[in-house]
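The values are calculated or read from the model by the stated rules, or taken from the named source; none is laboratory data. Remember, predicted model here, so these are calculated numbers, not experimental data. Neighbour counts are summed over all protein chains in view; Cβ atoms, including those assigned to glycine, are modelled from backbone coordinates with ideal geometry. Protein only, heavy atoms only, side chains kept; ligands, DNA and RNA dropped before computing areas. Shrake-Rupley method; radii C 1.70, N 1.55, O 1.52, S 1.80 Å.
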Amino acid sequence: MKAIDLRSDTVTLPSPEMREAIARAELGDDVFGDDPTVNRLQEAAAERLGKEAGLLVTSGTQGNLIAMLAHCRRGDEVIVGDLSHTVLYEVGGAWALGGLGLRTVRNDSRGRLDPAELRARIRPIDDHFPRTGLICLENTHNQCGGAVLGEEDLSAVRDVADRRKLPLHMDGARVFNAAVALGVPVARLAAYADSVTFCLSKGLGCPIGSVLCGTGEFIASARRYRKMLGGGMRQAGIIAAAGLYALDNMVDRLAEDHANARLAGEGLAQLPGVQLAPEPQTNLLYFTVEGRKLPEFVRKLGEAGVLCFDEGGRVRWVTHYGIERADIEDAVERTRAVLAAGA
Ligand code: TLP
């Protein structure tokens, strides 16, 4: 039985063409700035996002932490959504390594921040308070079901940031999914943020890496923090070659992943007790199953060859390169059988 791995879009394996690009990559020592492939990726990524410069980093977590360090001073507070990946899943790096506080604002069900609530969380200038140093947004929003923040949502937050003269960072781990879902160039979304991290290792199908983009001055500072965090890599063109290939060849196909998530949603919604939570907008699909113990249900799905996670009361399926329409149909049928067997 073929395993259908829906745990994350991070499980994607490089395509034969991507492996070919990796094998052919021209290399140098990137800590000396000598790796031509890394340099090309950083330029291509920055151009694509409409920013001055880019920096290849090891992961989305490292990119977000570097952005917080480079925008803020020790002791500052960073405002983040209460359901953001940064506050939930990045090991508290901002606190532990940066001496930065994370101050949360409620994310609504679509991953948005209410401008009035956001304004109220920004600290007044006062000797008693930490300084607010940065606002962060997440697009697409993982815990909010892969929800897309559109230009209106982004501009509302940008407006608050501008009025309070605060920088805005976007955790755009899946920002290309957002752009494809909206049918706009990714630069349109990136334009609302001073810095953006996007992941190569998720829907874009690369084995490793993320790129942080921003102004030239910001990236120069980010580069120092990357080194401090042990992220100065050497012949990293091996990684960058995959990224360059992905920017040219793996972006438009994200629409297939979105269509597959919708297909999965339609199939699952027909099954007894299954409730989508919420309707999928991109490649992430969350659902609840009434009257079942989820850890047990997810274990039974695994035994049936449908690999996925129980994310605190919801099941998550993620569609990605390597998962075809037929796999989704199969996964829904296997789920139907698991439910019928009473798991
Ligand atoms: N998300 C992973 C897990 O950590 C949960 C996943 O499978 O979805 N921002 C967002 C919005 C993310 O979803 C992730 C990874 C990251 C940042 C961190 O990226 P990495 O894993 O490269 O550090």
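Is there a residue being of a type in the set (D, E, K, R) and farther than 14 Å from residue 193 by Cβ anywhere in region 49-68?
no
Could you run through region 71-97 and say how many residues are within 16 Å of the ligand (Cβ to nearest atom) and part of a helix (DSSP H, G or I)?
Of the residues in region 71-97, 9 are within 16 Å of the ligand (Cβ to nearest atom) and part of a helix (DSSP H, G or I).
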Pairs returned, first residue in region 1-26 that is away from the ligand (no atom under 16 Å from the Cβ), second residue that is part of a loop (DSSP other than H, G, I, E, B) and of a type in the set (D, E, K, R), beta-carbon separation under 9 angstrom, 6 or more apart or interchain, are 25/35; 26/35
Can you say whether residue 323 is of a type in the set (A, V, I, L, M, F, W, C) and open to solvent by less than 10 Å² (accessible area, probe 1.4 Å), as far as the supplied structure shows? no
From the option list 223, 234, 174, 188, single residue qualifying as among the charged types (D, E, K, R) and within 14 Å of the ligand (Cβ to nearest atom) is 174
Checked pairs for region 241-261, first of a type in the set (S, T, N, Q), second in a helix (DSSP H, G or I), C-beta under 9 Å and 6 or more apart or across chains, list as 249/17; 249/18; 260/325; 260/327; 260/328
Of the residues in region 12-53, those that are open to solvent by 40 Å² or more (accessible area, probe 1.4 Å), within 19 Å of residue 320 (Cβ to Cβ) and among the hydrophobic types (A, V, I, L, M, F, W, C) come to 13
Point to revise | So residue 94, is it over 30 Å from residue 22 (Cα atoms), free of Cβ contacts under 8 Å to residues at least 12 places away in the same chain and not aromatic (Phe, Trp, Tyr) | key: no
Residue 68: passes all of (1) among the hydrophobic types (A, V, I, L, M, F, W, C); (2) within 15 Å of the ligand (Cβ to nearest atom); (3) farther than 25 Å from residue 219 by Cβ; (4) not in a loop (DSSP other than H, G, I, E, B) but (3)
If we take region 186-275, then helices (runs of 4 or more DSSP H) inside it with 3 or more residues that are open to solvent by 20 Å² or more (accessible area, probe 1.4 Å) and not acidic (Asp, Glu) are 216-228, 237-249, 254-269
Here the residues within region 280-321 that are modelled with pLDDT of 95 or more, part of a loop (DSSP other than H, G, I, E, B) and under 20 Å from residue 146 (Cα atoms) are 280, 281, 282, 283, 308, 314, 319, 320, 321
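Do we find that residue 334 is more than 19 Å from the chain's Cα centre (by Cα) and in a loop (DSSP other than H, G, I, E, B) in this structure? So that I can check it myself, show each step before the final result.
Details: more than 19 Å from the chain's Cα centre (by Cα): yes; in a loop (DSSP other than H, G, I, E, B): no.
No: the conditions fail for residue 334.
Considering only residues that are among the aliphatic types (A, V, I, L, M) and open to solvent by 10 Å² or more (accessible area, probe 1.4 Å), which ones fall in region 149-164? Give the derivation first.
To start, the set of residues in region 149-164 that are among the aliphatic types (A, V, I, L, M) comprises 149, 154, 156-157, 160-161.
If the condition is that a residue be among the aliphatic types (A, V, I, L, M) and open to solvent by 10 Å² or more (accessible area, probe 1.4 Å), then 156 is the only one that fits.
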Log entry, pairs with first residue in region 211-239 being at pLDDT 95 or above, second being surrounded by fewer than 24 Cβ atoms within 10 Å (Cβ to Cβ) and polar (S, T, N, Q), beta carbons closer than 6 Å, six or more apart or on different chains, reads 231/58; 231/62
Within region 191-204, restricting to residues that are within 15 Å of the ligand (Cβ to nearest atom) and over 13 Å from the mean Cα position of the chain (by Cα), the one that is farthest from residue 232 (Cα to Cα) is 193
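For residue 176, are the conditions met, namely being modelled with pLDDT of 95 or more and part of a loop (DSSP other than H, G, I, E, B)?
Spelling it out, it is not the case that residue 176 is modelled with pLDDT of 95 or more and part of a loop (DSSP other than H, G, I, E, B).
Output the residues belonging to region 102-134 that are more than 16 Å from the ligand (Cβ to nearest atom) and either open to solvent by less than 20 Å² (accessible area, probe 1.4 Å) or among the β-branched types (Val, Ile, Thr) (or both).
Kept after step one, since they are more than 16 Å from the ligand (Cβ to nearest atom), are these residues of region 102-134: 103, 105-106, 108-109, 114-133.
Answer for region 102-134, where residues must be more than 16 Å from the ligand (Cβ to nearest atom) and either open to solvent by less than 20 Å² (accessible area, probe 1.4 Å) or among the β-branched types (Val, Ile, Thr) (or both): 105, 118, 122, 125, 132, 133.
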